[in-house]
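Encoded as structure tokens, the structure appears first; notes follow it.
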Amino acid sequence: MTKEALFTHLASGATTVCRAWKLRRRDGAELGFTDHDMDLDVDGVLCRADTGMTARVLQQTTGLSVDNSEAFGALSAAAITEEDLVAGRYDGAEVQAYLVNWSAPEDFIVQFRGNLGEISRVNDSFKAELRGLTDLLNRPHGMAYTPGCSAVLGDGRCKFDQSQPGYAVELVAETVEDGRIFTFHSFGSFDDRWFESGRLEIASGSAAGLVGVVKSDRLDGALRRIELWQSVRASIAPGDSIRIFAGCDKSAVTCRAKFANFANFRGFPHIPGEDWLASYPVPGRSNGGARRYGGGGA
């Protein structure tokens, strides 16, 4: 990449430039698009010219204001499909926008870097909001002091190894209703509600890579019924591979008894609640701190 060569070209007065976009989904898939009339290899990605992609004028400012724009395109089997948009495969995807000398595609500059925001579909086309990197500064950060654990099971703060025997199961889909309710005849010897608040991953089929959160896990005789909070937004066929991980309700008791991981518990189980903070002394009754835990101390 030679920025200087592109700047020299722009200063010549007779230019051969176009726009290009590189999009990286959360599952690792990369796609390239350009508004030029021929495919271009830009920054190691083939940018397709037959996608109908275009973009509005990019708004960029100094300081911490959010850079933003919008991208438009046609839904097609060769590029972005309606099925993938509905399934959420493009939610939060990373985006880079380039200005490229199409006669020498190695000469380009990155004009925008950010993520896809809200995506809407109209007939056979789509519109996607592009949010700059400073949009991340609008999100709340910091630790929340709550009785429940603030870590995610298996993450760097929890440190629990979910690959241990007894905490995950791999099987194939049997009966699926509305992409949300799964019924199994053969499941294994797991306690009732063992997978509630757990994660269900689709490992094969048209929904491969999509994830759902388990709302309920019930044993009904020889059957096991697992229901998700939201439907998986892609078709799941009998025989598709599924992985289900044990659930955690974020309580200290569950962390200790179910996962034996209390050393990494990231909650504050003894923090006073709002009712306790607003309480007042009552004559003839113990008003010491031990009342908080059922004791009768002074």
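The values are calculated or read from the model by the stated rules, or taken from the named source; none is laboratory data. Given the structure is predicted, the values throughout are model-derived calculations rather than measurements. Here Cβ is always computed from backbone atoms with ideal geometry, including for glycine, and neighbour counts include all displayed protein chains.
The residue that is surrounded by the fewest Cβ atoms within 10 Å (Cβ to Cβ), counting only those in segment 90-142 that are within 26 Å of Asp27 (Cβ to Cβ), charged (D, E, K, R) and out of contact with any Asp or Glu (no Cβ under 7 Å at 6 or more places or on another chain), is Arg139.
Exactly one residue out of Phe195, Phe182, Phe190, Phe160 is buried (at least 16 other Cβ atoms within 10 Å of the Cβ), within 25 Å of Leu85 (Cα to Cα), among the aromatic types (Phe, Trp, Tyr) and not assigned by TED's automatic domain parsing to the domain that holds Asp39, and it is Phe182. Scanning segment 161-189 for residues that are part of a strand (DSSP E or B) and of a type outside the set (Phe, Trp, Tyr) yields a count of 10. You will find that of Val214, Val253, Val232, the residue that is surrounded by 14 or more Cβ atoms within 10 Å (Cβ to Cβ) and not in a loop (DSSP other than H, G, I, E, B) is Val214 and no other. Per the conditions (1) out of contact with any helix residue (DSSP H, G or I) (no Cβ under 7 Å at 6 or more places or on another chain); (2) part of a loop (DSSP other than H, G, I, E, B); (3) not small (Gly, Ala, Ser), the sole criterion not satisfied by Cys158 is (1). Kindly check whether there is at least one residue in segment 125-144 that is of a type in the set (Ser, Thr, Tyr), within 25 Å of Tyr90 (Cα to Cα) and touching a Phe, Trp or Tyr at 6+ places or on another chain (Cβ under 7 Å). Yes, that holds for at least one residue. Scanning segment 1-32 for residues that are within 30 Å of Gly88 (Cα to Cα) and of a type in the set (A, V, I, L, M) yields a total of 4. Within segment 107-130, residues that are in the same structural domain as Ala93 (by TED's automatic domain parsing) have Cβ atoms under 7 Å from residues that are among the β-branched types (Val, Ile, Thr) and not in a strand (DSSP E or B) in these pairs: Asp107/Thr2; Phe126/Ile80, counting only partners at least 6 apart in sequence or on another chain. Evaluated against (1) at pLDDT 85 or above; (2) touching a Lys or Arg at 6+ places or on another chain (Cβ under 7 Å), Thr15 falls short on exactly one condition, (2). One residue alone among Glu174, Glu170 is loosely packed, with under 14 Cβ neighbours inside 10 Å, modelled with pLDDT of 90 or more and more than 30 Å from Asp41 (Cα to Cα), and that residue is Glu170.
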